[in-house]
Amino acid sequence: MSFRLVVLVSGSGTNLQALLDASADEAFGARVVAVGADRDGIEGLTRAERADVPTFVQKVGDHATREKWDEALTAQIAEFKPDLVVSAGFMKILGPRVLGSFSVVNTHPALLPAFQGAHAVREALSYGVRVTGCTVHLVDAGVDTGPVIAQEAVAVQDGDDEESLHERIKTVERRLLVEIVGRMARDGWTVSGRTVRLGRAGNRS
């Protein structure tokens, strides 16, 4: 498996675990070669260590400016020569050096462009939508504004609160992320404007 993934985490790392589990099967076509974080002592790093995957931490506060952090994070990721970077619950906005150097995939617990930002599930409930979902997208300089790769709907049930709805979205999100990353690894992808197409191997953008 030559397709290399660097995964960035900030918390419990359940999406990371889904990728680690998937990559144990050679048919998946990719492997996690490193896990990076923006803070110490999180379960995501522990999951990586249990899987014997190298880890690194780059804290924003350890650098004089956000730009210096962006430079350091880019250099650290580059050491592992990834074909794709996966932002798996990474709670920092990536800077221009990272985004200019690597293709980055993220997940979001809503059907973008609806309910962008950190409180998507809460805002969907407050708005009264009957269907929400999750999105796998490429990361650009905006907040949840990158080109959409895949989406899947999740119905809002009577009696749902933020926690119950988010848990159902997370279940779909993990499966969809693994599916899309695997397809990108095996088949490649192309980007034309805001349209992402999977299945054109050798033409990764």
>> Can you pull out every residue in the range 116-126 that is surrounded by 22 or more Cβ atoms within 10 Å (Cβ to Cβ) and in contact with a helix residue (DSSP H, G or I) (Cβ under 6 Å, 6 or more places away or on another chain)?
In response: 121
> Can you tell me which of 145, 195, 107 is among the hydroxyl-bearing types (Ser, Thr, Tyr) and either crowded, with 20+ Cβ neighbours inside 10 Å or in contact with a Gly (Cβ under 7 Å, 6 or more places away or on another chain) (or both)?
Replying inline: 107
>> Cβ contacts < 7 Å: first residue under 21 Å from residue 31 (Cβ atoms) and open to solvent by less than 70 Å² (accessible area, probe 1.4 Å), restricted to the range 57-83; second residue assigned to a helix (DSSP H, G or I) and not β-branched (Val, Ile, Thr), any location; separation 6+ or different chain. Result?
In response: 78/101
> Taking residue 98 and the conditions (1) surrounded by 20 or more Cβ atoms within 10 Å (Cβ to Cβ); (2) touching a Phe, Trp or Tyr at 6+ places or on another chain (Cβ under 9 Å); (3) free of Cβ contacts under 8 Å to residues at least 60 places away in the same chain, which numbered condition does it fall short on, given that it satisfies the others?
Replying inline: (2)
> Being open to solvent by 30 Å² or more (accessible area, probe 1.4 Å) and among the β-branched types (Val, Ile, Thr), is that true of even one residue in the range 162-175?
Replying inline: yes
> From the set of residues in the range 22-56 that are open to solvent by 50 Å² or more (accessible area, probe 1.4 Å) and part of a strand (DSSP E or B), which is farthest from residue 188 (Cα to Cα)?
Replying inline: 55
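Quick one: count up the residues across the range 57-66 that are outside any loop (DSSP other than H, G, I, E, B) and in contact with a strand residue (DSSP E or B) (Cβ under 7 Å, 6 or more places away or on another chain).
1
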> Given the conditions (1) farther than 18 Å from residue 14 by Cβ; (2) part of a loop (DSSP other than H, G, I, E, B); (3) not β-branched (Val, Ile, Thr), and given that residue 151 satisfies all but one, which numbered condition is not satisfied?
Replying inline: (2)
> If you scan the range 1-21, which residues turn out to be more than 19 Å from residue 92 (Cα to Cα) and either modelled with pLDDT under 95 or part of a strand (DSSP E or B) (or both)?
Replying inline: 1, 2, 3, 4
> Pairs, please: C-beta under 7 Å, at least 6 apart or cross-chain, first residue farther than 19 Å from residue 179 by Cα and in the range 27-41, second of a type in the set (Phe, Trp, Tyr)?
Replying inline: 34/56; 34/80; 36/56; 38/90
> Counting only residues that are part of a loop (DSSP other than H, G, I, E, B) and over 18 Å from residue 10 (Cα atoms), how many does the range 67-98 have?
Replying inline: 5
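The values are calculated or read from the model by the stated rules, or taken from the named source; none is laboratory data. The structure displayed is predicted, hence computed values, not measured ones. Note: ideal-geometry Cβ built from the backbone for every residue, glycine included; neighbour counts use all protein chains shown. The area values use the complete protein model at the heavy-atom level, side chains included, leaving out ligands, DNA and RNA. Shrake-Rupley method; radii C 1.70, N 1.55, O 1.52, S 1.80 Å.
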